[in-house]
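The values are calculated or read from the model by the stated rules, or taken from the named source; none is laboratory data. The shown structure was predicted, so the numbers you read here are calculated from the model rather than taken from an experiment. Positions of Cβ are backbone-derived with ideal geometry, glycine not excepted, and every protein chain shown enters the neighbour counts. For the accessible areas, the whole protein counts, side chains as well, though only heavy atoms, and no ligand, DNA or RNA atoms are used. Shrake-Rupley method; radii C 1.70, N 1.55, O 1.52, S 1.80 Å.
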Amino acid sequence: MTVIRPFKAIRPENKYVKEVAALPYDVFTEEEARALAKDHPMSFICIDRPETQFEPGIDPYDPKVYAAAAALLNREISEGIFLQETAPCFYLYELTMNQKSQTGIVGCASARDYVNNVIKKHEQTRRAKEADRCRHIDVCNAQTGPVFLAYPHSRPIDAIVSEQKQKEPIYDFTADDGVRHRVWIISDRGLMEEIEKAFSKIPSVYIADGHHRAASGVSVCHDRDNDDLMAVFFPDDQLTIYPYYRVVKDLNGMTPEVFLQAVHRHFEISTLPYGYEPKEKGDIHCFVGGQWYLFKCLDAQKTNDPVQNLDISLLHEKIIAPILNITDVRSDERIDFIGGIRGVKAIEQQCAGGFAAGFVTCPVDISELFAVADAGLLMPPKSTWFEPKLRSGIFIHVY
C-alpha cells in the first residue's frame, strides 16, 4: 500500500510565484545558473544552486555555500516572499506543454516506503550529486524540490482530481519556456482522507524523476527520525519521456576511424545526413569526427532481463564499457549527460566545445520503466528525461 500525507507547505505569495519558480537545479550548467540568478535574483535557482551567490571558481561543496542557501531561504521567508500553510493540505499541480497536460497530487510520501521498496527505483544515482543534495537539505532544514513519482492510473483518483480542477486555482502562470503551471489547494479533511484511502489501494509507486532528491531526502529523514518525503504523484498515462544523451570527452586513445572499426564488430554502420533521434528500438545514433552515424546491432537478443533489453543498456554494454573503457558511469568524469529536450544539436555543440563523441537512443517507455523497477533492477544513470520539468520553489517542506 502507498502512503501519502498532507503537509504544511511553505510556498510563494501569489504575486511572486512566477519569478520564484525555477527549473530543477540539475538541468543547468554553472554558466546558465549564474546567468539566471543574475537576471532574476528572486529565482529559486539562487537557493538551489547557491554557488551562484559567489564569484566563479568557488567550490560548490564549500560549507559556506550551503550556509548561503539556508540564509537566503530564511531571509525570503521573513520578508514575506514565502508563506506557510496553517494546516496540512494536499495540492494539485498541473503542467501543460505543447497542449498536453499532466496533473499530480503534491503531498508527502513515506521514507519507509522508499526503504521497503513500495516506492520503486529504476535508476542508479551518482554519488557526488547525492551527497550534495543531502548537505543542501540538511543545512536548509528543508526539502526544496519535490520527488517526481508515477503511479498506475486510478479511476477514483482521476475523479477527485477532475472535480477539484473545476475550482479556482491558487496559482496560474506561464513560464518563459511556454509551460503553463496551475495549482489548486485541497484542505477539506474528508477529501484528504479519500485521497489517502485511494492511494492505500495502490501497491507501488515509481520514481520517475528525482532519484537524487529521493535518496538524499530519505537519508536526511533517517538521520532526523522523520518519515516525510515531499513528492508529486502523477498518473502514468499522462507522462512523456525523452531520451537522455551521452557525450564522452575522448575515444580512449583512438581516432574516429579506429573507433568506428571497433564498433563495426557488433554493428552495421551507415552515415546519416544530419542528426535526429532514432525511430526504431535497437538503433543508436552517434556523432563522431564531425559526422552522424547510424549503428544497427548485429547480435542483439531479447532476454528476460528488462534492463538488458533497453537500448541504453545496449549502448553501454557494446560501446561505452568495452570500447571506450568507461565502466562506472556514476563516477567516471569522461562521460557526461544531456537531456533530450535540448535536441541533438546539443551534442554537436558539446563536440564543438571539446567532447569527442555523442550518442542517442530511443527513449525508455513508461512500461519499460515499471518493468525494470518491478524486477528490483536498476537502469544505468541518466536513462530517462521527463518533460515538462517540475518547478522548484513552488512547494517547500520544512523538517
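Under 8 Å for C-alpha pairs, at least 6 residues apart: give me the relative contact order for segment 26-90, rounded to a whole percent. Can you show the working numbers first?
Numbers: 34 pairs, mean separation 14.4, N = 65.
Worked out over segment 26-90, it gives 22 percent.
Any chance you could run the full-extension gain for T96 through A262? It's 0.36 nm times the residue separation minus the Cα-Cα distance, nm to one decimal. Walk me through the numbers before you get to the answer.
Working: separation 166, 0.36 × 166 = 59.76 nm, distance 4.41 nm.
Stretched out fully, the T96 to A262 stretch lengthens by 55.3 nm.
Applying 1/(1 + (r/R0)^6) with R0 = 51 Å to the Cβ-Cβ distance of K296 and D237, what FRET efficiency is obtained, to the nearest 0.05?
Values: r = 32 Å, r/R0 = 0.62.
Working from the Cβ atoms, E equals 0.95.
With 0.36 nm allotted per residue and the present C-alpha distance subtracted, the K38-D172 stretch has 45.7 nm of extension available. Surface composition of the chain: carbon plus sulfur atoms hold 48% of the accessible area, using a 1.4 angstrom probe and ignoring ligands, DNA and RNA. Across the options H285, G190, V161, the greatest Cα extent toward the positive end of the charge dipole of segment 147-302 (unit charges at beta carbon of Lys, Arg, Asp, Glu) belongs to H285.
Which of the three applies to segment 213-261, rounded, prolate or oblate, going by the alpha-carbon gyration tensor with a ≥ b ≥ c and a/c under 1.5 meaning rounded? Note, shape of segment 213-261 comes out oblate. Near F90: Cβ cut-off under 14 Å, other residues only, Lys/Arg at +1 and Asp/Glu at -1. The net charge is -1. Of the listed residues H40, H136, the order by accessible area with a 1.4 Å probe, largest first, is H40, H136.
The structure-derived value of semi-axes √(5λ) of the Cα gyration tensor in Å appears in the list [x] 37, 25, 19; [y] 33, 27, 20; [z] 48, 29, 18 under the label [x]. Modelled this way, with points 7 Å down the Cα-to-C-beta line, the labels at L191 and N74 are 3.6 nm from one another.
Each Lys or Arg adds one and each Asp or Glu subtracts one; over the other residues with Cβ under 12 Å from the Cβ of P203, this totals 0.
List the residue ranges in the chain for DSSP H helices whose C-alpha atoms run 15 angstrom or more along the long axis and whose Kyte-Doolittle average is -0.5 or above.
Details: long enough: 63-78 (23 Å, 0.39); 127-140 (20 Å, -0.99); 189-200 (16 Å, -0.44); 211-224 (20 Å, -0.69).
Long hydrophobic helices here: 63-78, 189-200.
Among 144-151, 315-322, the peptide with the highest mean count of other Cβ atoms within 10 Å heads the list, and the full ranking is 144-151, 315-322.
The largest accessible area among F287, F234 belongs to the first residue in F287, F234, and the rest follow in falling order (1.4 Å probe, all chains). Note on the chain: helix-only mean residue ellipticity at 222 nm, from DSSP H runs of 4+ residues weighted -39500 (n - 2.57) and normalised by residue number, equals -8500 deg cm²/dmol. Per-residue surface analysis assigns R11 an accessible area of about 30 Å², computed on protein heavy atoms at 1.4 Å probe radius.
Within the listed set M230, M42, M254, the residue fluctuating most in the Gaussian network model of the chain (springs between alpha-carbon atoms under 10 angstrom) is M254.
In the context of the full set of protein chains, segment 1-135 has a per residue accessible area of 45 Å² (1.4 Å probe).
Convex hull over the alpha-carbon atoms of segment 132-237: what's its volume per residue in Å³?
Numbers: hull volume 15.8 nm³, N = 106.
About 149 Å³ per residue, rounded to a whole number.
Measuring with a 1.4 angstrom probe and ignoring ligands and nucleic acids, E196 comes out at about 60 Å² accessible.
So if we plug the beta-carbon distance of A67 and K249 into 1/(1 + (r/R0)^6) with R0 = 30 Å, what FRET efficiency do we get, rounded to 0.05?
Using R0 = 30 Å, I get an efficiency of 0.35.
Distance cut-off 21 Å, Cα to Cα: go down the list K249/K345; K100/K201; K281/K302; K64/K121; K18/K129 and report the pairs above it. Don't jump to the answer; show the numbers that get you there.
On the way: K249/K345 17 Å; K100/K201 28 Å; K281/K302 12 Å; K64/K121 32 Å; K18/K129 27 Å.
Too far apart for the 21 Å limit: K100/K201; K64/K121; K18/K129.
Probing with 1.4 Å while keeping every protein chain in the model, the per residue accessible area of segment 332-371 equals 41 Å². Each label point was placed 7 Å from the Cα along the Cα-to-Cβ direction; for D223 and Q308 their separation is 4.0 nm. The heavy atoms of D48 present about 0 square angstrom of accessible area, all protein chains included, probe 1.4 Å.
In segment 23-164, taking the dipole from charged Cβ atoms about the Cα centre, the farthest positive-side position among A70, A37, G104 is held by G104.
Specify, per residue and in Å³, the volume enclosed by the convex hull of the alpha carbon atoms belonging to segment 196-297.
Working: hull volume 19.3 nm³, N = 102.
Roughly 189 Å³ of hull volume per residue.
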